[in-house]
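Encoded as structure tokens, the structure appears first; notes follow it.
The values are calculated or read from the model by the stated rules, or taken from the named source; none is laboratory data. These numbers were taken from a predicted model, which means no experiment stands behind them. Here Cβ is always computed from backbone atoms with ideal geometry, including for glycine, and neighbour counts include all displayed protein chains. Only protein heavy atoms, including side chains, enter the accessible area calculation; ligands, DNA and RNA are left aside. Shrake-Rupley method; radii C 1.70, N 1.55, O 1.52, S 1.80 Å.
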Amino acid sequence: MTRVVLGIDAAWTAHNPSGVAVIIDEGNGWRLVAAAASYPAFHEACERASTAPEAAGELLASTGKICGQRPDVVAVDMPLAHGPITGRRVSDNLISSAFGGRGAATHSPNALRPGPVGDALTRGFAAEGYGLAVNQPSGPAIIEVYPHPALIALSGSARRLPYKLARAAKYWPELTGRERRERLLIEWRAILGYLSAEISGMDRLHLPPADAAGAQLKAFEDTLDAVICSWVGACVLEGRARAYGDAFSAVWVPTPVPTTLGLTAVGESA
């Protein structure tokens, strides 16, 4: 049976781009078939025009065009819930309790961020038959995921991996800007290695050069996060992920992956 996951690194505000990735399992393991740094770029990669690139139906249609079917799970890095989000949720507190000591506590959502963006995404996919899953889904579902604890599970790192462009100066305050970018590339290369053990076709993602513009580096980071989201969705389908939350909302985190790569997480102590 063919299985498909759509991963979305969703921006919390409407004016920022959202990374998108699609993986497929046709019976011989998961394979990356598309990855893009924004909704329009995703539709273009699927050779499909869209007048409403952020709409759930459009994202599902583009996924269906390249995979021959709509996704079984849509995995989104954004606070989602069965109702308006006005502040921290049980799911946020549970994730922070479990992973805060490892540097992977959640940000606090509110009525404005992601607010209408998250509500619209949830409603849009619900209208397409994808209800928000806070327990193991038995049909098409949308789930909330969080890349930082997912990467801890994937890499076996003692702490969250230092791979965010915006935090590079905090990770390595003693380094120059060029040196920080080179360290980020080391982190990204390691993450690609971890993902390659779970998903084939990761050579679709090409590391940018260290002297790339900030926008190009951020685009790669967003695309990478979308692939991580899709991997979490695959883990949920395979029954190797746990939901942290209650009936209102839940954040899904994979169970730890046995380390067989001989790799170590770079910058673990950062």
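Just a few scattered comments:
- Solvent-accessible area per residue for the chain (1.4 angstrom probe, square angstrom): 42
- Extreme residue, positive dipole direction of segment 211-260, given options S249, A215, I228 (C-beta unit charges): S249
- Rounded to 0.05, the FRET efficiency of the A52 and D246 pair, given R0 = 30 Å and the Cβ-Cβ distance, is 0.40.
- Put a dot 7 Å past the Cα of T2, heading toward its Cβ, do the same for H15, and the two dots end up 4.0 nm apart.
- Loop GluC sites (Glu not before Pro), segment 171-227, which have at most 10 other Cβ atoms in a 10 Å radius of their Cβ (DSSP): E174
- In the elastic network of the chain, a GNM with C-alpha springs shorter than 10 Å, the most mobile of P162, P173, P17 is P173.
- For E26 and T255, the FRET efficiency from 1/(1 + (r/R0)^6), where r spans their Cβ atoms and R0 equals 30 Å, is about 0.80.
- For Y244, nonlocal amide neighbours, meaning residues 5 or more places apart or on other chains whose placed amide H falls under 5 Å from its own, are V251, W252, V253.
- Rounded, prolate or oblate (a/c below 1.5 giving rounded, otherwise prolate when a/b exceeds b/c) for segment 1-96 by Cα gyration tensor: oblate
- Distance between modelled label sites at D203 and N93, nm, 7 Å Cα→Cβ extension: 4.9
- Separation of segment 86-115 from segment 8-75 is 26 Å, based on Cα centroids.
- Residue among R70, R178, R160 with the largest mean-square fluctuation in a Gaussian network model of the chain, springs linking Cα atoms under 10 Å: R178
- Reported to the nearest whole Å, the Cα centre-to-centre distance from segment 129-180 to segment 211-236 is 9.
- Largest-first principal axis extents, alpha carbons of segment 150-270, Å: 45, 30, 29
- Top of S138, S157, S249 by mean-square fluctuation, Gaussian network on the chain, Cα under 10 Å: S138
- When a 1.4 Å probe is rolled over the protein heavy atoms, the share of accessible surface on the chain that falls to carbon and sulfur comes to 53 percent.
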